[in-house]
Structure formats: structure tokens, C-alpha cells
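What follows is a set of notes on a single structure, which appears directly below.
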Amino acid sequence: MKRVTLLLLAAAFLTGCASTIEDRRKERLAAYSALPPETQSLVDHGQIKVGMSKDAVYIAWGKPDQTLQSESDQGRIETWVYHGSTLRPYHYWDYGYHGWGPYYGYYNYSPLPYLETDYYPVYYVSGEVNFQNDRVASWRNLPRAPY
């Protein structure tokens with residue numbers, strides 16, 4: 001029961017704030033309508049490319065989790081950083097009462113240890129977009145965090 005409750009809470013937490021491409025397209029309809037048809041198609045599929053505007057990237061990938069400022073010999077660089085998350089299992093030995101609680105039914109007491117699993121969220125950088133002159137200069141997707 002504890003495991004199921006934690007998984008449901010984690011899933012709600014990890015997906016609760018997500019907006020969809022459709023939501024973001026409606027939010028910035030004027031900017032989306034001004035994009036060329038090829039760029040609109042890429043944005044509709046959550047893809048970006050060099051030369052896209054910030055609005056196009058926002059519609060395709062959403063609001064960045066972090067915004068960083070830097071400078072190179074070519075000028076000011078703004079970097080949008082996106083985070084991903086996954087649930088990492090944590091296995092441990094437990095013993096004692098397990099099963100349903102007193103209000104839900106049967107308690108099972110086991111004097112022998114049994115393997116229990118809990119899950120906790122792991123956050124990682126999943127993508128970065130670099131802008132120069134408010135246009136995508138470079139971008140990259142990063143692999144999911146290993147566990």
C-alpha cells in the first residue's frame with residue numbers, strides 16, 4: 001500500500017505541471033501563426049532546429065527549468081536548460097507488519113525478512129538550447145540519468 005501511494009504521489013508531482021504543445025501553441029498563437037509551415041510542422045512534433053526563434057522553442061519544448069546568461073567573442077548567449085526526471089528504485093530488506101492496514105483489512109505479520117522496494121525521483125539535465133540574437137545557435141539532448 002505504501003509503495004502504491006508513493007508511486008501515485010510521485011507520478012502526480014512529476015507530471016502535474018506539464019503543459020502540452022497544444023496548450024503552448026494556443027498561448028502564443030500569433031507567434032505560431034507567423035512561423036513558416038516547415039517550422040510549424042517541426043514545432044508540432046516537439047522538434048527544434050538552428051535558427052528558430054525563442055517562441056518556437058517555447059512552443060516545442062516548453063518553459064525552460066533554468067535560464068543561464070554567458071558571453072562569447074560572438075556576443076551574448078542565453079542558454080535554456082531543461083530537466084528530466086525518472087523514478088529510481090530503492091531495494092531493502094524489511095520485516096514485520098505488511099499488507100493492508102486495520103481500516104482496509106488484513107494485517108500480515110512475518111518474522112522473516114522480505115524484500116521491499118520504494119521509489120524516489122531523480123532529476124537530470126535533459127536538454128540545452130543556446131540562443132544568440134534571440135535565435136537558436138545550437139542545441140542538444142542529453143541522455144537520461146543512469147541508475
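None of the figures in this text is laboratory data; all of them are computed from the coordinates on show. Keep in mind the model is a prediction, meaning the values are calculated, not measured. All Cβ positions, glycine included, derive from the backbone under ideal geometry; neighbour counts span all protein chains shown.
Here are some notes:
- In order through the range 35-45: 3J(HN,Hα) via Karplus (6.51 cos²θ - 1.76 cosθ + 1.60), integer Hz, x for Gly, Pro: 6, x, x, 4, 5, 4, 5, 4, 4, 4, 9
- Full-extension gain in nm, residue 81 to residue 140, via 0.36 nm per residue minus C-alpha separation: 20.2 nm
- Footprinting exposure proxy for 73, 134, 94 (fewest neighbouring C-beta atoms within 10 Å first): 73, 134, 94
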